[in-house]
Amino acid sequence: MSTQKTLVLTRPEQNANQLVTQIKESLGRDVPVVRSPIMKISPTGFWPDLTGVDLVIATSAHAIHGPLDGKPVFCVGVRTADAATLAGGDVRHCALDAASLLVWMETQPDPGTVIYLRGSHVATDIPAALTKLNIAARAAWTYRQDDLPLTDAARKLLEGTRPAILPLYSPRSARLVGQALAKIGESLHVIAISDAVADVWRTETGGSCDVVAEPTGAAMADRIIATLRH
């Protein structure tokens, strides 16, 4: 049996391409990759009127496809912060994940009226959490996450005997991939971005997985590269 590891990427195409480029630059060589986006990301075509909004929250770069008009922005993730800056936002805070953002906001003064730019599926209901803190918040649905089927090539690798690496970046992707598999391959190495993602994977498949030390794209890339080296 071949010991060469194949990377199975279920992220949207743009995210997958960025990761592959980063891995190639780090390793100095190409790696076998099978792409099978498990969700299609697309704008809803709606962009909210930010008049009267004191703070914008975004937890994904996909949520930002309109002008932020200099509004203060709290973000999750560096890429989201970069997208907010490019859209004219004034990024005031960048958290590792939604949970840590909410914990931090508990220690801050009332930010005023908040709008949360979100997708059709979210792991954390930020407006509901902020309402419990007596912060006025509402959500604007700015992008869609539509399910896509796992490709035959990806399924064959994930269920088979060849060594494969599967990075998982969200509870939803873990659920969709897990539900698409009849069994777990004997040489499958799963890497989860958080305990929440790992819990969903274990629930859906009964399989094991590694969890990176902090929920960031950089930590995931480092772990993937280290796994490919060994």
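Summary table below
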| read-out | value |
| --- | --- |
| Spin-label model distance (nm) - VAL103 vs LYS40, 7 Å beyond Cα toward Cβ | 3.8 nm |
| Extended-chain gain in nm, criterion 0.36 nm per residue less alpha-carbon gap, THR227 and THR131 | 30.4 nm |
| Kyte-Doolittle mean at least 0.0 and Cα axial length at least 20 Å: DSSP H helices in the chain | none |
| Label-point separation, ALA218 to GLN14 (7 Å along Cα→Cβ), nm | 2.2 nm |
| Rounded to the nearest 20 debye, dipole of the chain from Cβ charges on Lys, Arg, Asp, Glu | 660 debye |
| Centroid-to-centroid separation of the stretch 11-88 and the stretch 93-126 [C-alpha atoms, Å] | 16 Å |
| Shape call, the stretch 48-145: gyration tensor on alpha carbons, a/c limit 1.5 | rounded |
| In the stretch 155-223, trypsin sites (Lys or Arg not before Pro) in a DSSP loop with at most 16 other beta-carbon atoms within 10 Å | LYS183 |
| Charge dipole (the stretch 48-145, unit charges on Cβ, about Cα centre) - positive-most of ALA87, TYR143, TRP104 | TYR143 |
| Distance in nm between pseudo-label sites at GLN179 and THR161 (7 Å out along the Cβ direction from Cα) | 3.2 nm |
| Share, in percent, of DSSP beta bridges within the chain that are antiparallel, nearest 5 | 15 percent |
| Relative contact order [Cα under 8 Å, 6+ residues apart], the chain, whole percent | 20 percent |
| Long-range HN-HN contacts of ALA139 with modeled amide H, under 5 Å | TYR116 |
| Cα-Cα over 28 Å, subset of LYS40/LYS156; LYS24/LYS183; LYS24/LYS71 | LYS24/LYS183; LYS24/LYS71 |
| Sites LYS24 and ASP210 - FRET efficiency at Förster radius 22 Å, r taken between beta-carbons, to 0.05 | 0.50 |
| Mean residue ellipticity (222 nm) of the chain, computed from DSSP H runs ≥ 4 via -39,500 (n - 2.57), nearest 500 | -10500 deg cm²/dmol |
| Within the stretch 105-221: Cβ-based charge dipole about Cα centre, in debye rounded to nearest 20 (Lys, Arg +1; Asp, Glu -1) | 300 debye |
| Rg(Cα) / (2.2 N^0.38 Å) computed for the chain, rounded to two decimals | 1.07 |
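Bear in mind that the values in this text are calculations on the coordinates, not laboratory data. What you see is a predicted model; the values in this text were computed from it and never measured. Cβ sites come from the backbone with ideal geometry, for glycine too, and all protein chains shown count toward neighbours.
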